[in-house]
Amino acid sequence: MYTISKTFSIPAPISSLALGHASHLFAGSDDGSLRVYDLSTDKVVKAIRNLNGEVSSIICVKRSGSELRDAWVAHGSMISKFKLDSSKMIQTLEDALGTISVGETEDDLVNQICSSVQFIGDRAKELVSAGYDTSVRHIDFTKDELLSEAKMDATLAEAGVSLSPPFVVAAALSPTGVLAVGTADGRLCIFFGGEKHPSKKKAKKWGGLNREEMLALKVAEGPIVALAFSQPNVVAVNAQSGAVVTYEPRILTISTMLGVITQYELIYDSQANDGRAILKQLWQGNVTSIEKVNTILVDEKRIVVGGLEKDGKGVIELWNWKQPEHQQEQDSLSGDSSAEQEQG
């Protein structure tokens, strides 16, 4: 189970989160600021101010010789790179190592309808975009070519009839190629068609939007505003080569706008006769101080949730994994039993 271990209050609503080094949390806000917290001391160690609009995304980049990651920061219609281990405590846009523009104007069509963009990890020219036109698109952005598309129509048989438009509010792509989509009417759509597996060869075309390998369920009463896949490594053996490999199980965490956080295991066997997928709930909890959730971040030990409080200020909740007491007792008894067998 997860329990809240820390809460941070910030002047402006949280719009994006990223983890750098194990103890560094990067938090972007809608006022164009970014703060780097050292989670071992709970203090802000670096900051960026006066960026060109809301900080919508942060990517941390490891650099040799530095514990503090460099950061690519998307703000407004720009993306800038910052070297955060500089002597400055607070940087501005003028301190960026480089900045590129990704939109002609604030009224650009893409900015109006696109809510999420996910790059397909092992396909350098391809991405998945989703937005308020209820569509999910698979695109070769080097050719500006639409490769495939799925429409989140209001009558998906698996999810029932919806009384609200199924706008795509959030999306996440696992390292193995499973795509998860959350809609404004509380539906969770999982696409398994593009998944990589140790026993499979890489397909020529990513088949992630195949409706025949999709699960759609209504899991919430309000919008699903954030999704994130966990990446705990599991050892497996390639069925063809016999090589030992690691893969990530399908663990997905979602949050509604009002802060109901749910973690699922996604179970799907493409070789089964019925091809059925199962959504197994592992844990559920509610935020305590967040009025509206904007983003979540997940790793193998914690969930970080960002949004805003009732007074409009920003807030971050850090949830840590805690093994249930009955499980700890079982593990302890198992250990004692093993010790007795060794002594015997």
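Looking at this structure, is LEU51 in contact with a helix residue (DSSP H, G or I) (Cβ under 7 Å, 6 or more places away or on another chain) and either open to solvent by 50 Å² or more (accessible area, probe 1.4 Å) or without any contact (Cβ under 8 Å) to a residue 60 or more places away in the chain (or both)?
Criteria met by LEU51.
Out of curiosity, is LEU97 at pLDDT below 85, of a type in the set (A, V, I, L, M, F, W, C) and surrounded by fewer than 18 Cβ atoms within 10 Å (Cβ to Cβ)? Don't jump to the end; show me each part of the working.
Working: at pLDDT below 85: no; of a type in the set (A, V, I, L, M, F, W, C): yes; surrounded by fewer than 18 Cβ atoms within 10 Å (Cβ to Cβ): yes.
No; evaluated as a whole, the condition is false for this residue.
This table checks each residue for (1) closer than 25 Å to THR253 by Cα; (2) in contact with a Lys or Arg (Cβ under 6 Å, 6 or more places away or on another chain); (3) open to solvent by less than 50 Å² (accessible area, probe 1.4 Å).
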position: PHE8; (1), (2), (3): yes, no, yes
position: GLY20; (1), (2), (3): yes, yes, yes
position: ALA27; (1), (2), (3): yes, yes, yes
position: SER66; (1), (2), (3): no, no, yes
position: LEU84; (1), (2), (3): no, yes, yes
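Give the residue, chosen from VAL45, VAL55, VAL36, VAL61, that is of a type in the set (Val, Ile, Thr) and farther than 19 Å from ILE316 by Cα.
Working: VAL45 fails: farther than 19 Å from ILE316 by Cα; VAL55 fails: farther than 19 Å from ILE316 by Cα; VAL36 fails: farther than 19 Å from ILE316 by Cα.
Among VAL45, VAL55, VAL36, VAL61, only VAL61 is of a type in the set (Val, Ile, Thr) and farther than 19 Å from ILE316 by Cα.
Of all the strands (runs of 3 or more DSSP E) wholly in the range 169-251, which have at least 1 residues that are at pLDDT 85 or above? Show your work before the answer.
Details: elements: 179-183, 187-191, 214-218, 224-229, 234-237, 244-247.
Output list reads 179-183, 187-191, 214-218, 224-229.
Filter the strands (runs of 3 or more DSSP E) completely within the range 1-101 down to those with at least 1 residues that are within 23 Å of GLU291 (Cβ to Cβ).
Values: elements: 2-10, 14-19, 24-29, 34-38, 43-48, 55-61, 70-75, 78-82, 98-101.
Because the criterion is at least 1 residues that are within 23 Å of GLU291 (Cβ to Cβ), the strands (runs of 3 or more DSSP E) in the range 1-101 that meet it are 2-10, 14-19, 24-29, 34-38, 43-48, 55-61.
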Q.
Going by what's in this entry, would PRO165 be described as under 14 Å from PRO223 (Cβ atoms), at pLDDT below 85 and in a loop (DSSP other than H, G, I, E, B)?
A. yes
Q: Go through the range 29-48 and give me each residue that's within 25 Å of ALA170 (Cβ to Cβ), over 21 Å from the mean Cα position of the chain (by Cα) and open to solvent by 40 Å² or more (accessible area, probe 1.4 Å).
A: ASP31
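The values are calculated or read from the model by the stated rules, or taken from the named source; none is laboratory data. Nothing here was measured: the structure is a model prediction, and the numbers come from that model. Glycine gets a Cβ as well: all are built from the backbone with ideal geometry, and neighbour counts include every protein chain shown. For the accessible areas, the whole protein counts, side chains as well, though only heavy atoms, and no ligand, DNA or RNA atoms are used. Shrake-Rupley method; radii C 1.70, N 1.55, O 1.52, S 1.80 Å.
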